[in-house]
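First up is the structure itself, then whatever we jot down about it.
The values are calculated or read from the model by the stated rules, or taken from the named source; none is laboratory data. Everything numeric here is computed off the predicted structure, so don't read it as measured data. A quick note on method: Cβ atoms are made from the backbone with ideal geometry, for glycine too, and the neighbour counts reach across all protein chains shown.
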Amino acid sequence: MAVYVIGSMNIDMFFDVDHFVRPKETLMPVHSEVLPGGKGLNQACACARAGAKTRMAGKAGSDGQLLTDTLKAAGVDTSFVDIQSGGLSGRAIIQRDPDAENCILLVPGTNHDFKKADFERILRFVDKDDIVLIQNEISNLKDLAACLQEKDCFVVFNPAPVTKDIPDDLSFVSCLVANEVEIEQLLKTTGDPQTLCAQWQNRYPGSSIVLTLSSKGSLYMDGKRTLFMPAYRVEAKDTTGAGDTYTGYYCAMLDQGRSIEDALQYASAASALAVTRSGAASSIPDLEDVKHMIGENEKISPVAL
């Protein structure tokens, strides 16, 4: 069993600011740094640090040494990473304010060089017991969806960012992991978390959903049950990689045969630890740290609704 992450790899440029820059304003950051990131890379690193056998399928330019080094250091198999000579890796320009909120500009770079042939080549290696984890920061997602429709495997989709490139038919998705904004955009409606999850279930009864609720926790629903996972209380420093950490840990637990309850608990604890640290990939905790967090907060666990 393994987790195949087909997704983006970015060079993240962080700028700590007193406030987000406004129209016509030139702002000097308090601090700046360059770190590895991209939703695909972040989630792959989280999967590997959680103990799953993880393979990253991504594209980077000749400037991508930082990205491949980061993946290898986390224990990710990079044999499916395509280094394009002369190309430029994706970039994320991230402002962080004193409240640990962020706003992000994405420059896709080589992330938008994916073609259907790339997906077909990668998926030939995927077995039915494997998990394929995808997001929406690479090109030709509809071609990837078409390939996955024909593949017998467990597909986890993190629909970020929500754009017109997302296919109308998401029946190929085994599990959706989204936040409140993303699910409202996908369903083109608003509502409370349980109602939104139920609407997803009604539309795709064969798919489960994990809805992350920021500091309020997370919600799981499938055709048989609904679970609520309370959030761990921490002082947030940087929320940039929290969602990716959650998604990666959740997939890793499933890949290792753990229960849904365990997957929710480990994902929640890991993302809580991530927001206490700076960066995206660099903030992802190791498994032992997550186990320690859970052990110190034994009363925080999933509740059936």
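Checking the conditions here, which among ASP255, ASP238, ASP286, ASP244 is buried (at least 23 other Cβ atoms within 10 Å of the Cβ), in contact with a helix residue (DSSP H, G or I) (Cβ under 7 Å, 6 or more places away or on another chain) and in contact (Cβ under 8 Å) with a residue 60 or more places away in the chain?
ASP244
Determine which single condition SER271 fails, assuming it passes every other condition in (1) within 30 Å of ASP69 (Cβ to Cβ); (2) in a helix (DSSP H, G or I); (3) over 20 Å from the mean Cα position of the chain (by Cα).
(3)
Of all residues in the range 193-219, count the ones that are of a type in the set (Ser, Thr, Tyr) and on the phi > 0 side of the Ramachandran plot.
Looking only at that region, the number is 1.
Please go through the range 1-49 and give me each residue that is β-branched (Val, Ile, Thr), crowded, with 17+ Cβ neighbours inside 10 Å and either under 28 Å from TYR266 (Cβ atoms) or at pLDDT below 95 (or both), ordered by number.
VAL3, VAL5, ILE6
Out of (1) assigned to a strand (DSSP E or B); (2) under 17 Å from CYS45 (Cβ atoms), the odd one out for LEU219 is which?
Of (1) assigned to a strand (DSSP E or B); (2) under 17 Å from CYS45 (Cβ atoms), only one is false for LEU219: (2).
Mind checking whether some residue in the range 157-175 is modelled with pLDDT under 95, crowded, with 17+ Cβ neighbours inside 10 Å and assigned to a loop (DSSP other than H, G, I, E, B)?
Yes, some residue in the range 157-175 is modelled with pLDDT under 95, crowded, with 17+ Cβ neighbours inside 10 Å and assigned to a loop (DSSP other than H, G, I, E, B).
Given LYS188, LYS142, LYS128, LYS115, which one is surrounded by fewer than 19 Cβ atoms within 10 Å (Cβ to Cβ), among the charged types (D, E, K, R) and on the phi > 0 side of the Ramachandran plot?
LYS188
Just checking, does the range 25-41 include any residue being among the small types (Gly, Ala, Ser) and part of a helix (DSSP H, G or I)?
The answer is yes; a qualifying residue exists.
For the range 77-112, enumerate the residues that are in a helix (DSSP H, G or I) and surrounded by fewer than 18 Cβ atoms within 10 Å (Cβ to Cβ).
HIS112 - this is the single residue of the range 77-112 that is in a helix (DSSP H, G or I) and surrounded by fewer than 18 Cβ atoms within 10 Å (Cβ to Cβ).
So if I check each of ALA73, ALA52, which one is outside any loop (DSSP other than H, G, I, E, B), of a type in the set (A, V, I, L, M, F, W, C) and modelled with pLDDT of 95 or more?
Just a single option satisfies the conditions, and that option is ALA73.
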